[in-house]
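Encoded as C-alpha cells, the structure appears first; notes follow it.
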Amino acid sequence: MNTRSLLQQSTLATLCALVAAGCYSGVSVSADSLGETDTAASGSAGETAEGDSGEGGSDTDDAAPASDSVSVSGLSRLTSAEYERTVTAIFGEPVVAGVNFDNLPPDGTIGRFETNAGLDVNIDSVDGYRLVAEEIGVAAGHSAASLLGCEESPECVDAFLRDYGLLIYRRPLNDAEAGVFAEFWDTMRADAELADAMRMTVTALLQTPDFLYRLESGEEGDEGDVRRLTGYEVASRLSFFLWGAGPDLELLHAAQDGELDTAAGIDAQTERLLANPRADETILRFYKSWLGLDGLATQDVDLEEFPEFESLRDDMIAETDAFILHVFREDDASVSTLLTADYSFASPELAEFYGEGVQSVDGEEITLNPAQRLGILTQASYLTSHARAPERAPIYRGTSLLVDLFCVQFPPPPDAATAVEFDSSASARKQIEDATADAACQGCHVSINPLGFLFEHYDGLGRWRTMDGEFPVDAAASVTSTDIDGEYASATELIPRMAQSEQVDRCVSRQWLRFALSRPDGSMDADSIAQAADEARGDMRALVGAITRTDTFRHRRLRE
Amino acid sequence: MGTVLAPFLPRAVAGGDRQPKRLVMITSGQGTDMTTWAPTGSETDFTLSAQLEPLAAYQDRMLVLDGIDNEAAIRGAGRGHFGQGTMWTGVEVPTGTVRPDEGLGWPTAPSIDHIIGQRVGRETRFPAYYWGTWPIATDGPNQGPNGICHYRGSEDPINPQLNPASAFDTLFDGVLGEDPAVAERLRYERRSVIDLVNGELGRVRTEMPTVDRDRFDAHLQSLRELEDRISQITAACEVPEHPGDYTQSEIQSSGLLHVFTRLQFELMRHALLCDLTRVACFDWPHSEGSGAFMEPEGYRSFGSIHTVAHTMSYATDTLNPTDEERVIAREDMANMQQWRSKMLATELLDPLPPDILDNTLLVWSSEMSEGGTHSNRNVPTVMVQGDNFGAFESGRYLQWGEYDPISNFSQFTGGVPMNQLLVSLCHAMGLNDVNSVGDSTISTGPIEELA
C-alpha cells in the first residue's frame, strides 16, 4: 500500500470516528493528525501527544524503551533532494555537475513534509533511478583514476569498494558484499577499460536497495516489534534529519566506535552536524515546509489585483529565509522569538510595503511597528502563502494556524463547502460568517474563522489595511479550541499569547519530530514529544538535540 | 532535424503487419470561450470557428463533439476545479487529504490512457507516455486532482514529464541502432546491473524485517518490467536532436510555454515514429499559469489564465469586471484555444508521415467548458481520425444538449456523459470488450452516433 492510500484511509477513519463520537459539532483535538488512527478510532479526544511531562528521563542508554513509547516507522526511500545531496557529497560537485536529477522519480509528502516513506516504486521510478545512476556512472568513469586513487590491483579495487561502499551503503560492506562487487568489477573490466569498470560499478552501487532505502533492521538479537537501532542506523537518522543527506565519514566512524549508542555520543554529533553550514538548508526546509511557505516561489497571484507581487515575491522569500536563519542561528532560537520578534530583514521596497512605523536599521534589518506586525506570522510570505484565493484568506490562514501551530486536526469540509462564491455586497468576513453559519459547518469553522478573522488587517499580500473594499475591517474575534481561548482584538494581540501557549510549544515539538523521522507521529510517540519539549523549554536548538535523544528517534517499531 | 541513425522502419511494418493504431490524448485546462467555440452549419456541412480554424486541413477527418459532459466531476467533491481527475477516469474525486484545503483525495480508478496502454502497448517500451508543460505536477503545494489527468490505478497519479531533456533521456535511451556491437554491449551491461541489483534486493529482502518485504517485492517486480523495457533497444528510427537542458525556473516560466510545447511535440512525434509508445498524452496547464507566452506567438499576452477564465464569466468582490473586460477576457481565451489548434496542426499532425498519421486518433478535451462558471458540462472536445483508422465516421459536427439562453453559458442540459466517449475510445483502440469505464452508474456503452 502506498502512502497516499494510507493517509486517505486514516482520514476517513478519523472522520468516521469523529462523527460516531459526536465530535463533528466540535473540533477534535486529536493526536494523530496523519498516519496513526488508533486514537481517533478509539474515539478519544484531547491532546494525547502531550502525555505526562517529566516522564522518561533523557538518558536511555542501553535501557529498553517502554514498549509503548515508540510508534511504527515504515521503510523510507531517499527523496530526490536527499539523493542529489548524498551523491554530491560522495562524488563531489564536479563529478555530478550536469547530471539531470530531474529524472529521479517524483516524491510524496506526509502532511507538509516531503518523504517517500511507504511509497512503492514502479517501473518508471526504477527506470528513473537507472538513468540517473548511469549518468553519474559515466561521470565517475571519466574520473576513474582519481576515484580509484591507487594503481589498479585487486587490493586497490577492494579498498575503493570498501571506502565508497561505506558512504553509499552507510555502513561497512561485509566481505561477501565486497566480493560481489569485486567480481562485478572484474567482469566489467574484461575486454574494457578502467573507466568502463568504474562506470558500471558506480552505476550498480547507486541502484542497490542499501543506497535507495534507509534500511533499519535494528540491533542483532532484537527480534521484538520495537528494535534498538544500530549505530550506523542512528548515524543515518541523524544525517538525513540534520543535513538531508547520508552520513559523512566522521559520523560513520563515530558509529563504528560505538559512540552513537550513548546519548552523550549522539549529542556530540548532533551539535557538530547542526553547527555545520550544511544544516542551514535543513533549517529553512523545516520552517518553510511546516508553515506552508515553499510554494510561494511558484504561487499564482492575480497580478491585476496585486501588481506589486511581481517585484516583491523574491523579497518576501528572502525576508523569511534571512529571518529564520537569524532567529535559529544568531538569536535565541525560541518559539517566542520566532512568533514575536520585533525585527526582520526586509528589502527597502518590502519595508515600504509594510508601511508606517517600520524603521530601517541598516538597509536590510528593520524594526517593525508592533501594533501591526510581530514575528513570522505577520510576514508577507506567510500571509500570501495562505491567501491563495484572497477572499478566502481567513479560512486558509485560520486552518494553517490551527493545523500547523496548534496541531488541531479536523475532517475535510463537506462537498458543498468549495461551491461558495463571493461578491462585493459585504465584507469577506461577513460572507464567510454567513456561508459557514450552518451547524454542520460550525463544527470546524467555529475554530477556523476566529483565528483567520484576527488576521483581517492583512490583505492578500499581507499589506496592512483598515478597509476591506467598502467595509471597515473588523479583526476582533473569540478564539476557541486552543489553550489560549478568549477574545482578541487582532493578530498582534493573539501572537504574544501564542508564544506562551503550551499547546503551541508541544505542537512545535511534534512538527520537529515528524520532520526528524520523515513520518507522522503516532500516539505512542507522545512521551518522546513531551520529553523533548520539556527539555527544550521553547528553545528550538535544544529541541533538535532533545529529539535525537528520545526513544522514538533511537528505535524502530515494526508493527502495532 | 534529427539524426537518422538507420532507415526508419517501424517494427510492425518490418514484420509485415498492418500499422498499429495510435492514440494521442491532448488535455487543456480551464475550457475556452464557449460562445465562439462551436462550428456553424450542419452535421456534415459545417464551418469551423476561428478557435478551431487552424485544424481546417483536417476537417474531413474531424469529429467536433459539442455536448460532452464531464459528468463524474459534477457528481464528485470539489466540483469544477477538479475535473481533470475525473475526465479520463470517469470516476468522481473523493474526499481525502491530498488537497487539505478542499479536503479532496485522488480518484480511485485508472484513466483510459493507462487501460488502453496496458492492452495495446505491451510490445512497445512505454505502454503510454505522458508529456506536459508547467504547471502540472503532483508534487509541490498545489498537488492534487486539479492538475493530474492520468492515473495508473486507484490513488496512483501519473506525473507528466515536464522537462524535455528528461523525456528525451527516458524515451530515446537505447535507441541506437547504428552499430550492433554497441547495442549488444549496452544490453549486456544493463542485464548485468539488473542481475546484481536483483541479487542485492534478494539479500536485503531476507535480512530486513518481514514487514518491509512488500516494498522489496514491488521493487523486484518493477525491475523485471524494466528488464523487458530496456531489452528493447536498437529499434532503428529517427532520433530527434537533444532538446537542450533547461533550468527548473525556465521550465516553470509561463513566458516559455510556447517553446516547451514545441519541444515536447517534437519528442511526441518521434516517440510515435519510433513506435516507443502507441498512447501519447500531452497536458497543457490547468488551474494556474499565465498567458505571458501569447505575445511571442503573435497574440495579446495576459496575466493569470485562471483570472481571465473568471473574468469572462462572472463578478467577484475582488474583480468586478466591466463589460469591456469580459469581452477582452473572452477574446484571450479564444485566442489561446486557437493557438492550441495551431500547435496541434503545425507542430504535431502536419509533420507526421502519412503512414503514422493515417493510423492515429487524436482526441482533445478540457475538464470544463467555461472556466469562470466552473461548469463541467459541454466540455469542448475534438477528435481527428487518420484515414485508415476506421473507428468513426468522421468529417462531422455532432451536437447534443442546449444552453439555457438566459444563463450566460452556465446552465446546460441534455449532454452526453464523458464516460460514453471513454468507452468509444476503448473500442476505437480495439478494446471491444469494454462496455463501461469509470462509474457505471453514470452510464455505460459507447456513443452510438460516432460510428
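The values are calculated or read from the model by the stated rules, or taken from the named source; none is laboratory data. Bear in mind that the values here come from a model prediction, so they are computed numbers and not experimental data. Don't worry about glycine lacking a Cβ; one is built from the backbone with ideal geometry, like all the others, and counts go over all protein chains shown. Only protein heavy atoms, including side chains, enter the accessible area calculation; ligands, DNA and RNA are left aside. Shrake-Rupley method; radii C 1.70, N 1.55, O 1.52, S 1.80 Å.
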From the helices alone, meaning DSSP H stretches of at least four residues, give me the mean residue ellipticity at 222 nm for chain A, per-run term -39500 (n - 2.57), in deg cm²/dmol to the nearest 500. -14500 deg cm²/dmol
In nm, what is the difference between 0.36 nm times the number of residues separating A:Asp175 and A:Ala264 and their Cα-Cα distance? 28.9 nm
Quick one: accessible surface of A:Glu271, probe radius 1.4 Å, all protein chains present, in square angstrom to the nearest 10. 140
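Considering every residue in A:176-184, what mean count of other chain Cβ atoms within 10 Å of its Cβ is obtained?
2
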What is the magnitude of the charge dipole of chain A about its Cα centre, with +1 placed on the Cβ of each Lys and Arg, -1 on the Cβ of each Asp and Glu, and no other charges, expressed in debye to the nearest 20? 700
Protection proxy ranking, peptides A:486-497, B:254-265, average beta carbon neighbours within 10 Å, highest first: B:254-265, A:486-497
With R₀ set to 56 angstrom, the calculated FRET efficiency between the beta-carbons of B:Asn435 and A:Asp68, to the nearest 0.05, is 0.60
Check the cysteines of chain B one by one and keep only those with no other cysteine Cβ under 4.7 Å from their own. B:Cys149, B:Cys281, B:Cys426
Within 10 Å of each Cβ of A:295-302, how many other protein chain Cβ atoms are there on average? 6
Partner shielding of B:185-198, taken as the mean number of other chain Cβ atoms within 10 Å, equals 5
With the crude spin-label approximation of a point 7 Å out along Cα→Cβ, what separation in nm comes out for A:Glu356 versus A:Ala476? 2.1
Summed over the other residues with a beta carbon less than 11 angstrom from that of A:Leu206, with K and R at +1 and D and E at -1, the charge totals -2
Just to confirm a number: summing +1 for Lys and Arg and -1 for Asp and Glu over residues other than B:Ser249 whose beta-carbon lies under 14 angstrom from that of B:Ser249, what do you get? -3
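Summing Lys, Arg as +1 and Asp, Glu as -1, what charge do residues with Cβ under 14 Å from the Cβ of B:Gly289 carry, B:Gly289 excluded?
Computed value for this residue: -4.
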Distance (nanometres) between label positions extended 7 Å along Cα→Cβ at A:Glu308 and B:Thr40: 4.8
Candidate residues A:Thr552, B:Thr95: accessible-area rank, largest first, probe 1.4 Å: B:Thr95, A:Thr552
Listed by chain and number, the residues whose amide H is under 5 Å from that of B:Val24, excluding neighbours fewer than 5 places away on the same chain and using placed H, are B:Ala280, B:Leu361, B:Leu362, B:Val363
Under 27 Å Cα-Cα from B:Lys342, which lysines qualify once same-chain neighbours fewer than 8 residues away are excluded? B:Lys21
Magnitude of the charge dipole, the stretch B:369-451, Cβ model with Lys/Arg +1 and Asp/Glu -1, debye to 20: 120
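Can you put A:Ile529, B:Ile442 in order of accessible area, largest first, using a 1.4 Å probe? Write out the running numbers ahead of the final one.
Numbers: A:Ile529 0, B:Ile442 25 Å².
Putting A:Ile529, B:Ile442 in descending order of accessible area: B:Ile442, A:Ile529.
What FRET efficiency do you get for B:Glu449 and B:Thr346 if R0 is 30 Å and r is their Cβ-Cβ distance, rounded to the nearest 0.05?
E between B:Glu449 and B:Thr346, to the nearest 0.05, is 0.50.
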Among B:412-418, A:512-518, how do they line up from the highest to the lowest mean number of other beta-carbon atoms within 10 Å? A:512-518, B:412-418
